[in-house]
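We did not get these values from a lab; they are worked out from the coordinates using the rules stated. This structure is a prediction, so every number in the text was calculated from the model and none was measured. Here the Cβ positions follow ideal geometry from the backbone for every residue, glycine too, while neighbour counts run over all protein chains shown.
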Amino acid sequence: MDPNLLAFLVAFIASAATSPLLAAMARRFGIVDRPDNHRKLHGRPIPMVGGPVILLSGITALATTLWLHPQVLRDSRGDTAFLVCLLISSLVIVALGLIDDRFGLRGRQKLAGQILAALIMLGAHITISRVTVFGYVIEFGHFAPLVTLVWVLGAINALNLIDGVDGLASTTGIVLSLSIAAVTYVLGGRQDGLLVALMLAGTLSGFLIHNFPPARMFLGDSGSMLIGLILGAIALKSSIKSVGAATLIMPTAIWAIPLFDVSMAIIRRKLTGRSIYSTDRGHLHHCLERRGHAGSRLLLVVGSLCALTGLGAIAGSAMENEVLTLVVMATALSLLVVTRSFGHTEMGLVRNRILRLAGSMIPRPTGGGEQMAEQVHLNGNHDWERLWITLKEFASRFGMDRVELMVSLPSLGEEYHAAWRRDSRAEDHEAWKSEIPLVVDERRVGSIRVQGAPGAGSICAWMSELIGGLQAFEDELILLIRELYREQETQTPTEPAEATALSDTL
């Protein structure tokens with residue numbers, strides 16, 4: 001039997017067979033995803049076993065293939081080093097993911113573990129020392145390890161962020177791995193990359209039996225990060241030519257949909273004043289769900305988009321035409337934005353920031369005039385504008401220079417951001433700033449940020465009056481939240497009503 005086909009079949013059988021056993025162990029050790037009625041909306045605890053399943057099934061498939069076909073890697077120098085580094089790096093990622101799945105890690109802690117795994121891959125002879133773009137060569141010199149590190153980290157997190165719906169990361173991983181395998185075959189690339197790509201496709205196909213909606217098992221962070229690591233490594237390995245230059249257009253096109261999702265998440269969070277590690281329901285799959293795509297239909301839509309960019313990479317490789325690949329990739333991404341399926345809100349935020357930056361270059365007379373005001377419904381369509389009007393009235397009454405409102409209710413599908421500022425009467429380092437969390441029933445639902453020049457007289461008396469001025473905003477917030485919960489109770493009468501008392505935070 002052909003070694004590549006053998007690797008796929010053994011991985012498929014091993015994955016499908018071992019998943020239930022590892023799921024039972026995960027339940028025993030508490031490695032399960034528990035619903036929280038806020039962001040995790042599934043009905044029962046579900047074991048997260050993707051990392052161990054992929055790792056064990058992949059090792060089984062590769063060991064079996066190399067045992068029956070020991071000559072497979074003999075003709076390709078550096079394959080053994082690549083596989084060893086990939087194995088060690090995978091062990092680090094799986095361990096990191098399991099710790100996060102069981103106990104929870106902060107974003108920077110996960111990033112530190114991911115950097116360690118990426119650094120290990122630098123010993124696998126896949127460093128991007130130079131890149132060819134339309135025949136032009138770009139040398140990275142001493143920055144080559146850093147460029148490689150960024151690529152691997154981006155790949156790890158791209159699949160991690162897209163893993164929010166049953167079967168989505170598994171389906172995406174299958175399409176991407178098959179696309180990489182096809183490009184590798186067309187280009188006559190490295191045998192180890194081809195072998196690992198097909199092994200991963202087989203493993204994920206076997207796991208998808210249990211991960212297909214409604215899922216009985218989840219990938220967890222250990223699984224989604226491992227998929228990203230393997231795909232990122234083999235995409236890079238397969239793109240490096242014998243002269244040491246990498247043509248990144250093909251692997252970038254294959255990765256276009258997940259990378260676009262990551263890019264939009266970073267833009268969305270940074271331009272609304274949140275940490276890039278924060279969670280929201282603005283990812284590609286969330287947006288498609290709100291447009292009526294759910295379950296297997298959602299997997300079909302996202303899988304088709306990934307397949308489209310993958311086919312563009314395959315066709316471009318076969319015809320040695322990078323322009324064709326870029327045109328297909330741009331078409332797929334433009335379809336999402338133009339149809340307002342995904343990305344149009346983030347593009348609007350970018351446009352507003354550019355206009356604001358351009359406006360700041362024009363001298364204006366000082367007088368406290370308004371410089372900028374924007375509102376955006378990131379998700380949902382509830383009437384948050386009246387709450388925003390109340391907050392702006394408060395800001396005007398107390399002579400604020402800047403005020404910002406962020407509402408985040410993932411369980412209700414509502415996310416809203418608004419910001420206003422005017423010419424400040426004080427230098428930025430002299431102004432006072434405050435961020436006040438909004439909490440309902442001991443659960444944070446957003447925040448407000450305010451900034452202004454110091455008031456005259458007693459600071460304590462002035463701050464007391466300032467906090468008291470938020471009473472109208474607090475009353476309006478409680479009213480709006482109660483409306484939302486009443487609507488939810490009407491739509492799902494069997495669900496218990498949720499209390500809506502505002503915390504003493506304000």
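Computed quantities for the displayed model
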| item | result |
| --- | --- |
| The stretch 148-232 - Kirkwood radius from inverse mean 1/r over Cα pairs (Å) | 12.9 |
| On Cα atoms only, tilt of 459-468 relative to the major axis of the chain in degrees | 80 |
| Ratio Rg/Rh [Cα only; Rh per Kirkwood] for the stretch 198-334 | 0.98 |
| Loop sites in the stretch 50-138: trypsin sites (Lys or Arg not before Pro), DSSP, at most 16 other Cβ within 10 Å | 74, 77, 106 |
| Distance in nm between pseudo-label sites at residue 393 and residue 274 (7 Å out along the Cβ direction from Cα) | 2.8 |
| Neighbourhood net charge (13 Å Cβ-Cβ; Lys/Arg +1, Asp/Glu -1) for residue 302 | -2 |
| Nearest 10 degrees, 0 to 90: helix 3-28 Cα axis against the chain principal axis | 50 |
| Between 0 and 90°, nearest 10: helix 168-186 axis offset from the chain longest Cα axis | 40 |
| Listed pairs 392/433; 110/237; 110/433 exceeding 21 Å between Cα atoms | 110/237; 110/433 |
| Rough spin-label spacing in nm, given labels placed 7 Å along Cα→Cβ, for residue 374 and residue 68 | 5.7 |
| Helix-only mean residue ellipticity at 222 nm for the chain, each DSSP H run of n ≥ 4 adding -39500 (n - 2.57), per residue, nearest 500 | -19500 deg cm²/dmol |
| Cα-Cα P(r), the stretch 369-491, percent of pairs per 5 Å interval | 2, 10, 20, 23, 18, 12, 8, 4, 2, 1, 0 |
| Options (i) 51, 26, 18; (ii) 55, 42, 21; (iii) 46, 28, 20 - which one matches semi-axes √(5λ) of the Cα gyration tensor in Å as calculated here | (iii) |
